[in-house]
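What follows is one structure encoded as structure tokens, with my remarks underneath.
We did not get these values from a lab; they are worked out from the coordinates using the rules stated. Owing to the predicted nature of the structure, the values given are computational and were not obtained by experimental measurement. Cβ sites come from the backbone with ideal geometry, for glycine too, and all protein chains shown count toward neighbours.
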């Protein structure tokens, strides 16, 4: 099977090499790599172009934000599976995509997700948060569960059947899309029990109490737009579930070499 990996970037020269290197260094050999740049002015474009034909498709133009750029990448993708890795993030070892695609073949599922670690932006050896998603259970979204979106790999036909990211959902667009695919349309899932993405800390939705309240409002809207009814506790369980992630410790060997 072919996988399309998409990186969206805007003025990401500081970290984009780590992201690209972690993709072009994967051992799985049937990868289509798409980079969507929002018109960077800090040298990002030159860095991306320096990789030559290791980048399958590259465009640099103004867009309407992160999720508009993701939608562009999905529209260009020709793989059986689509994954998205943001410019600040990277895969922890060279066999991530091999492991993901092996599980797709074994499980015949619609989507796969795994675990994530957050690290200090400058010192990537310093772990600040460990998101262990755990196995999926039916109606888990009603109890505040969701997989980490950067670890979410999806059969391309799900986007064709159920739509792309909604640009009116702001920072909750990834939550709304996964709610739509998994909870509403019952996409079948498989859990890859390993850390498959390293993220540099600094998410917008949790940057302040005000941002968290706005994110909670957008999460509620995601249910309404899909004609779904959450429990009373659903939207507060979602942020509360994150608290334990700041105290959990990942396996010391998550950046394995074999």
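Ordering 236, 223 from the fewest to the most neighbouring beta carbons within 10 Å gives 236, 223.
When the chain is treated as a Gaussian network with alpha carbon springs shorter than 10 Å, the biggest mean-square fluctuation among 21, 53, 219 belongs to 53.
In this structure, residue 256 and residue 201 have a Cβ-Cβ separation that, at R0 = 25 Å, corresponds to a calculated FRET efficiency of about 0.65.
If one computes P(r) from the Cα atoms of the range 1-88, what percent of pairs lie at distances over 22 Å? Roughly 16 percent, once rounded to a whole number. Compute the long axis of helix 66-76 from its Cα atoms, compare it with the longest principal axis of the Cα atoms of the chain, and write down the angle in degrees, 0 to 90, nearest 10. With both axes taken from Cα atoms, the answer is about 60 degrees. Sorted fewest first by neighbouring Cβ atoms within 10 angstrom, 117, 24 come out as 24, 117. Remark: 72, 126, 184 ranked as 126, 184, 72, counting other beta-carbon atoms within 10 Å and listing the fewest first. Computed from the C-beta positions of residue 46 and residue 220 and an R0 of 25 Å, the FRET efficiency is 0.05 to the nearest 0.05.
Based on the convex hull around the alpha carbon atoms, the range 91-258 presents an average projected area of 10.1 nm². Among 122, 164, 179, the largest mean-square fluctuation in a Gaussian network model of the chain (Cα springs under 10 Å) belongs to 122. Axis of helix 209-225 versus longest Cα principal axis of the chain: the two differ by about 80°, to the nearest ten degrees.
Here the gap between residue 62 and residue 78, fully extended at 0.36 nm per residue and compared with their Cα-Cα distance, gives a gain of 3.5 nm.
State the Cα centre-to-centre distance between the range 1-52 and the range 66-89 in whole Å. Between the Cα centres of the range 1-52 and the range 66-89 lies a distance of 11 Å. Report summary: the helix-based calculation at 222 nm, which adds -39500 (n - 2.57) for every DSSP H run with n ≥ 4 and divides by the residues of the chain, gives -8500 deg cm²/dmol.
Among 243, 23, 36, determine the one that fluctuates most according to a GNM of the chain built with springs between C-alpha atoms less than 10 Å apart. Largest GNM mean-square fluctuation: 243.
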